[in-house]
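Remarks on the structure that follows.
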Amino acid sequence: MVHTDSIRLNTKGFSDTIDITGKVERIVKDSGIKNGIVTVFCPGSTGTITTIEFESGVIKDLQNALEKIVPSDIPYEHDYRWRDGNGFSHVRAALMKPSLSIPIVHGGMTLGTWQQIVFIDFDNRSRRREIVVQIIGE
């Protein structure tokens, strides 16, 4: 059986990090699938789906680490071509990846105690986002 749904978000950009765990849990529960896998996917090239402890300190730590790895204030070839100033957001999203898959066992996601599912918007402006949630199982 396959069940597909979506989550709609309004984001602020600039590494806006949103906990979507509860929304994904609701979709899993409503699907009726007891054992399988849920994939959470972000269409677009400037956002990511990952897991993290959704706590302000570690979120800031991740933002600081990404700023060191992929600085927002250096020139990017993308910016020269498109003049939109978000080259850094594309690179960050490519490194972090657009999707996450989580096993479902006995109707629940197998997340760790301090593990939440988050969407991070790396773009340099606010956006409307639609996250695709697809569950395959029985």
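Does the stretch 68-81 include one or more residues that are aliphatic (A, V, I, L, M), over 16 Å from the mean Cα position of the chain (by Cα) and surrounded by fewer than 20 Cβ atoms within 10 Å (Cβ to Cβ)? Yes, the stretch 68-81 contains at least one residue that is aliphatic (A, V, I, L, M), over 16 Å from the mean Cα position of the chain (by Cα) and surrounded by fewer than 20 Cβ atoms within 10 Å (Cβ to Cβ). Within the stretch 30-50, is there a residue that is at pLDDT 95 or above, part of a helix (DSSP H, G or I) and among the charged types (D, E, K, R)? Yes, the stretch 30-50 has at least one match.
Residues checked against (1) out of contact with any Ser or Thr (no Cβ under 7 Å at 6 or more places or on another chain); (2) of a type outside the set (Asp, Glu); (3) part of a helix (DSSP H, G or I):
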site	(1), (2), (3)
Ile74	yes, yes, no
Val91	yes, yes, yes
Ala94	yes, yes, yes
Leu100	no, yes, no
Pro103	no, yes, no
Arg129	no, yes, no
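Assessment of the stretch 64-82 against the conditions (of a type outside the set (Phe, Trp, Tyr) and on the phi > 0 side of the Ramachandran plot) yields no matching residue. Residues that are out of contact with any helix residue (DSSP H, G or I) (no Cβ under 7 Å at 6 or more places or on another chain), among the basic types (Lys, Arg) and surrounded by 14 or more Cβ atoms within 10 Å (Cβ to Cβ) within the stretch 87-135 comprise Arg125, Arg127, Arg129, listed in sequence order. Checked across the stretch 36-52, the condition of being touching a residue at least 24 places away in the same chain (Cβ under 8 Å), loosely packed, with under 14 Cβ neighbours inside 10 Å and farther than 24 Å from Arg128 by Cβ holds for no residue.
The values are calculated or read from the model by the stated rules, or taken from the named source; none is laboratory data. None of the values given here were measured: they were computed from a predicted structure. Here the Cβ is made from the backbone with ideal geometry for all residues, glycine too, and neighbour counts use every protein chain on show.
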